[in-house]
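The structure appears right after this line, and notes come after that.
The values are calculated or read from the model by the stated rules, or taken from the named source; none is laboratory data. Because the structure is a prediction, the values reported are computed rather than measured. Neighbour counts are summed over all protein chains in view; Cβ atoms, including those assigned to glycine, are modelled from backbone coordinates with ideal geometry. We work out accessible area using only protein heavy atoms, side chains counted, and drop any ligands, DNA or RNA first. Shrake-Rupley method; radii C 1.70, N 1.55, O 1.52, S 1.80 Å.
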Amino acid sequence: KIHDYLTLNAKMTLRPLDVLHLANGSVLNGTFSSSNYIVTNYNATGDQSLLRYDGLAAATLLPIGTVNYYMPVAITPSSSSDITAAVFEGITANGAITGTALTATQKQTVVNAVWNINRLSGSGDATIQLNWDGALEGSTFTTLPNTEIGLIKNNGSSWALPIGTGDNTANNVTATVSSFGSFSAGAVPQV
């Protein structure tokens, strides 16, 4: 548990089930990039490490990613909140590491990763922005205009239609949500 500050100057890999816990008022410093972020590692049995940030009350960057890619989350809660975040590669039907992988056809219109973002305390809406590496985009997704992509949320068995806004050049989607869970980036159904 960090009570003051942590400065990152390289990739920091957490083991599955580790939690990097920043207490209320703590600060995460560094120039975050593809070589300087927190790896929320996981294993085949579904164990995953987490970044936990307590007392978030303003726009905050959570510099997380997988072993291969930097995939940060920017979150702006409407009230002070304790948040956990992690990401894994390989989008699944239920948003869980151990879930059924989407088919090759289904993967064409999504980003092949899942961000698990949960609120442990606090209330109200939060604005979430997901960022990813272009290598994770499905073959159709990569060609779509901004108006056809957005944030998608898993309901426990499938992915909802996209909400919010997307930027397919900067590789991010942004939306305001009232509940938390498993998120990714996806496209409106293609005709």
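Within straight cross-link reach of Lys153, meaning Cα distance under 20 Å, which lysines are found once same-chain residues fewer than 8 apart are removed?
Lys107
Sort Ser80, Ser184 by accessible area with a 1.4 Å probe, largest first.
Ser80, Ser184
Please find, in a Gaussian network model of the chain (springs between Cα atoms separated by less than 10 Å), the residue of Ala96, Ala85, Ala135 whose mean-square fluctuation is greatest.
Ala135
If you roll a 1.4 Å probe over segment 1-151 with all protein chains in place, what percent of the accessible area is carbon or sulfur?
Working: 3160 of 6550 Å².
Within segment 1-151, the accessible surface is 48 percent carbon and sulfur.
From the Cα gyration tensor of segment 150-191, with a ≥ b ≥ c the square roots of its eigenvalues, which class applies: rounded if a/c is under 1.5, or else prolate if a/b is larger than b/c, or else oblate? List each step's numbers first, then the result.
Values: a/c = 2.14, a/b = 1.27, b/c = 1.68.
Oblate.
Could you do me a favour and compute the accessible area per residue for segment 1-154, 1.4 Å probe, result in Å²?
Value for segment 1-154: 43 Å² per residue.
Suppose we keep just the DSSP beta bridges with both residues in the chain; what percent of those would be antiparallel, to 5?
80 percent
Using a Gaussian network model on the chain with a 10 Å cutoff between Cα atoms, which of Thr165, Thr76, Thr105 fluctuates the most?
In this elastic network of the chain, the residue with the biggest mean-square fluctuation among Thr165, Thr76, Thr105 is Thr105.
Expressed as cubic angstrom per residue, what is the convex hull volume of the alpha carbon set of segment 50-149?
Values: hull volume 11.0 nm³, N = 100.
Convex hull volume per residue, Cα atoms: 110 Å³.
For Glu137, Glu89, what's the largest-to-smallest order of accessible area, 1.4 Å probe? Present the calculation step by step, with values, prior to reporting the outcome.
Working: Glu137 25, Glu89 50 Å².
So, going from the largest accessible area down, we get Glu89, Glu137.
What is the packing order of peptides 114-121, 172-179, taking the mean over residues of other C-beta atoms within 10 Å and listing the highest first?
114-121, 172-179
Using Cα springs under 10 Å in a Gaussian network model of the chain, which residue among Asn171, Asn146, Asn29 shows the largest mean-square fluctuation?
Result for the chain, Cα springs under 10 Å: Asn29 fluctuates most.
Under 8 Å for C-alpha pairs, at least 6 residues apart: give me the relative contact order for the chain, rounded to a whole percent.
16 percent
Do any chymotrypsin sites (Phe, Trp or Tyr not before Pro) in segment 117-191 lie in a DSSP loop with no more than 12 other beta carbon atoms within 10 Å, and if so, which? Walk me through the intermediate numbers first.
Values: sites: Trp132, Phe141, Trp159, Phe180, Phe183; in loops: Trp132, Phe180.
Filter output for segment 117-191: empty list.
Based on DSSP H runs of at least 4 residues, each adding -39500 (n - 2.57), what is the mean residue ellipticity at 222 nm of the chain after dividing by all its residues, to the nearest 500 deg cm²/dmol? Please report the intermediate quantities before stating the final value.
Details: 1 runs with 4 residues, N = 191.
The helix contribution divided over the chain gives -500 deg cm²/dmol.
Using the Cα gyration tensor of segment 1-63, with a ≥ b ≥ c the square roots of its eigenvalues, what is the shape: rounded (a/c below 1.5), prolate (a/b larger than b/c) or oblate (neither)?
Note, shape of segment 1-63 comes out oblate.
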